[in-house]
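The values are calculated or read from the model by the stated rules, or taken from the named source; none is laboratory data. Bear in mind the structure is a predicted one, so any value in this text is a computation, not a measurement. Note: ideal-geometry Cβ built from the backbone for every residue, glycine included; neighbour counts use all protein chains shown. What goes into the accessible areas is simple: the full protein's heavy atoms, side chains included, and nothing from ligands, DNA or RNA. Shrake-Rupley method; radii C 1.70, N 1.55, O 1.52, S 1.80 Å.
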Amino acid sequence: MAEETINAALNSQLADFLMGEDIQPGSETGYQMCKIIWEYHPLGGKMVEKPIEMAMFKPRIYNVSDDAEDRIVNAFIDTWIRLGITQKIKNLFFNARCYGAAAIGIGQDSVSSYKPLTKMGLQEEDIFINIFDPLVAAGSMVTSQDPNTRDFQQPDKYLNIQGKKWHPSRTIKVFTGAPIYLSYQSSSMGFTGRSVFQRCVYPLRSYVNTMITNDLVSEKAGVLVAKTAQNSSVISGVIGMVNKARRGMIKAIKNKGVMNIGAGDSIESLNLQNIDGAMNSARSNIIADIAAGSDVPAAILKDEAFANGFGEGKEDSKAVAQYIDSVRQSIDPVITFFEEIVQYIAWNEDFYNSLKNEYPDLYTEDYFTTFFMWRASFSATWPELQEKSPEERQDSEGKLLEQTTKVFDTLYSRLDPDNQAVAAQWLSDVINVLESYEGAPLVLDMDKLKSYRPPEPPTGGGNEEAEET
């Protein structure tokens with residue numbers, strides 16, 4: 001009974017949003033309305049999820065120096081995948097964009113969430129990662145509104161989840177948009193960021209009207225108009241019965257069917273040619289209004305295919321690429337936080353011992369020294385928004401190699417032997433980072449290269465044949 005009541009209330013609120021006359025420009029977006037838009041509106045999912053999906057469409061590229069056969073990086077990636085952190089981060093930002101605020105926390109089965117998170121010795125089996133939306137974290141993400149305090153416009157340090165506090169070292173809070181002084185957001189239930197739907201509720205409602213129009217037009221497009229000759233009133237009853245039967249035949253007739261009509265009769269479809277222009281124009285303007293009220297470019301809302309790729313320099317693709325870069329910047333602090341956590345889990349002492357047994361000459365320091373060396377040399381970069389074609393890659397790499405070779409030729413003859421070896425190693429390093437030479441890296445023996453001296457050319461006393469030789 002309770003479930004039926006909840007469903008009925010939800011359906012009623014959805015109908016109120018779609019058709020309610022009380023929604024006007026500037027209408028407030030509450031928690032429930034944001035949830036309904038995200039769940040049911042055709043553009044709700046795109047506005048919440050699409051930017052994050054585009055920003056994280058490929059995993060980050062990781063590298064650790066002195067990594068034997070990429071064992072260190074692979075251990076990191078395997079742990080990251082097993083913990084499902086990518087989807088957790090996506091869900092965090094989905095909720096933050098929908099409601100204006102959200103939080104993520106790392107809990108442990110063996111340790112209270114109120115205590116600080118001890119990273120060294122963290123066990124994969126002991127931790128869990130939870131996402132908290134404003135309803136779950138109600139009251140504990142409200143920012144301070146006292147301008148004389150240190151935490152002015154900052155959220156509470158401790159998250160309070162159903163009466164249980166979470167230590168700040170375990171949580172990250174995310175706002176969509178900067179908090180505005182004394183501006184209470186009903187969607188996030190506090191003085192926090194704003195939902196992406198905040199400024200565009202009215203055009204989102206208008207978009208639903210375009211869907212209704214499309215449905216009406218699709219229904220009317222199948223209507224056939226039978227034009228028949230008018231007859232005298234004496235036989236109108238008989239002709240009416242005939243016309244009724246004829247209409248039934250027109251309705252039932254299908255492809256490859258044959259029927260007779262009178263010489264003065266004709267069958268046509270409704271003329272809807274004056275509707276499409278107004279419909280398309282209104283729909284495009286509504287989407288433009290939604291894009292203007294949110295942070296999502298109209299090209300993403302329309303799912304337009306770019307005539308040119310992100311790297312082609314066209315204005316539409318350039319604007320979207322800049323937008324996705326800004327989304328990645330907002331994700332960076334969260335993903336960096338979890339990268340550090342995964343390092344402590346993946347590169348534990350057992351992993352270090354197994355690696356040291358296989359490569360005793362490479363790993364000679366103790367575990368703690370080696371671990372922090374790995375951390376210091378760890379690097380993570382975002383992949384390109386769009387990969388280059390093989391032809392474009394070969395062309396750009398060819399130009400890079402040509403420029404590098406010119407620099408090398410200019411410097412080499414002017415350097416002493418030691419620096420000549422350094423220049424040769426630099427050229428080798430440039431060649432080895434090119435994908436075209438990935439399968440056949442150039443490896444130089446630096447000790448032999450530094451001690452190598454080219455033979456002196458013969459001077460006089462030889463015959464012409466010896467000189468030629």
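Would you please name the residue that is nearest to R375 (Cα to Cα), looking only at residues in segment 330-343 that are open to solvent by 20 Å² or more (accessible area, probe 1.4 Å) and in contact with a helix residue (DSSP H, G or I) (Cβ under 9 Å, 6 or more places away or on another chain)?
Residue satisfying both the conditions and the ranking: E340.
Just checking, does segment 35-49 include any residue being in contact with a strand residue (DSSP E or B) (Cβ under 9 Å, 6 or more places away or on another chain) and not basic (K, R)? Talk me through it step by step, then tell me what you get.
Taking segment 35-49 as the starting set, the residues that turn out to be in contact with a strand residue (DSSP E or B) (Cβ under 9 Å, 6 or more places away or on another chain) are none.
Within segment 35-49, not a single residue is in contact with a strand residue (DSSP E or B) (Cβ under 9 Å, 6 or more places away or on another chain) and not basic (K, R).
Residues checked against (1) buried (at least 19 other Cβ atoms within 10 Å of the Cβ); (2) at pLDDT below 85; (3) not hydroxyl-bearing (S, T, Y):
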position: P25; (1), (2), (3): no, yes, yes
position: G44; (1), (2), (3): yes, no, yes
position: M54; (1), (2), (3): no, no, yes
position: K58; (1), (2), (3): no, no, yes
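As an exercise: evaluate F372 against (1) within 32 Å of the chain's Cα centre (by Cα); (2) among the hydrophobic types (A, V, I, L, M, F, W, C); (3) under 30 Å from F57 (Cβ atoms); (4) in a helix (DSSP H, G or I) and give the number of the one condition it does not meet.
(3)
Only residues that are touching a helix residue (DSSP H, G or I) at 6+ places or on another chain (Cβ under 6 Å), among the small types (G, A, S) and farther than 17 Å from S379 by Cα: list them for segment 45-71, please.
Correct list: A55 only.
Scan (1) open to solvent by 60 Å² or more (accessible area, probe 1.4 Å); (2) at pLDDT 80 or above for the single condition L427 breaks and write down its number.
It is condition (1) that L427 fails.
Output the number of the condition that P333 fails; it satisfies all remaining conditions of (1) assigned to a helix (DSSP H, G or I); (2) more than 22 Å from the chain's Cα centre (by Cα).
(2)
Out of the residues in segment 285-329 that are open to solvent by 60 Å² or more (accessible area, probe 1.4 Å) and not in a helix (DSSP H, G or I), which is modelled with the lowest pLDDT?
Here is the first cut: in segment 285-329, the ones open to solvent by 60 Å² or more (accessible area, probe 1.4 Å) are 285, 289, 292, 295, 302-307, 311-312, 314-316, 318, 322, 325, 329.
Those left that are additionally not in a helix (DSSP H, G or I): 295, 303-307, 314.
Working: D295: 87, D303: 71, E304: 57, A305: 47, F306: 47, A307: 44, K314: 58.
Within segment 285-329, the match that is modelled with the lowest pLDDT is A307.
Cβ-Cβ below 7 Å, separation at least six or inter-chain, first residue in segment 69-93 and open to solvent by 30 Å² or more (accessible area, probe 1.4 Å), second of a type in the set (F, W, Y): which pairs?
I77/Y62
Is there a residue in segment 346-359 that is more than 21 Å from I106 (Cβ to Cβ) and either under 32 Å from the mean Cα position of the chain (by Cα) or of a type in the set (G, A, S) (or both)?
yes
Going by what's in this entry, would T370 be described as over 30 Å from F351 (Cβ atoms) and either surrounded by 13 or more Cβ atoms within 10 Å (Cβ to Cβ) or at pLDDT 80 or above (or both)? Write out each step before concluding.
Details: over 30 Å from F351 (Cβ atoms): no; either surrounded by 13 or more Cβ atoms within 10 Å (Cβ to Cβ) or at pLDDT 80 or above (or both): yes.
When the stated conditions are applied, T370 does not pass them.
Assuming A96 fulfils every condition listed in (1) touching a Phe, Trp or Tyr at 6+ places or on another chain (Cβ under 8 Å); (2) open to solvent by 50 Å² or more (accessible area, probe 1.4 Å) apart from one, which condition is it?
Tallying (1) touching a Phe, Trp or Tyr at 6+ places or on another chain (Cβ under 8 Å); (2) open to solvent by 50 Å² or more (accessible area, probe 1.4 Å), A96 fails exactly one: (2).
Conditions tested, residue by residue: (1) touching a residue at least 24 places away in the same chain (Cβ under 8 Å); (2) surrounded by 14 or more Cβ atoms within 10 Å (Cβ to Cβ); (3) hydrophobic (A, V, I, L, M, F, W, C); (4) within 29 Å of I81 (Cβ to Cβ).
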| site | (1), (2), (3), (4) |
| --- | --- |
| A346 | yes, yes, yes, yes |
| L362 | yes, no, yes, yes |
| S379 | yes, no, no, yes |
| K406 | no, no, no, no |
| S413 | no, no, no, no |
| V433 | no, no, yes, yes |
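Being modelled with pLDDT under 85 and not polar (S, T, N, Q) is the requirement here; does D133 meet it? So that I can check it myself, show each step before the final result.
Working: modelled with pLDDT under 85: no; not polar (S, T, N, Q): yes.
For D133, the condition - modelled with pLDDT under 85 and not polar (S, T, N, Q) - is not met.
Can you work out which of the residues in segment 102-125 that are open to solvent by less than 30 Å² (accessible area, probe 1.4 Å) and not in a loop (DSSP other than H, G, I, E, B) is farthest from V48 (Cα to Cα)? Working first, answer last.
Residues of segment 102-125 that are open to solvent by less than 30 Å² (accessible area, probe 1.4 Å), as a first pass: 102-108, 113, 117, 122.
From the residues that got through so far, the ones that are not in a loop (DSSP other than H, G, I, E, B) too are 102-108.
Numbers: A102: 13, A103: 16, I104: 17, G105: 21, I106: 24, G107: 26, Q108: 30 Å.
Here the answer is Q108.
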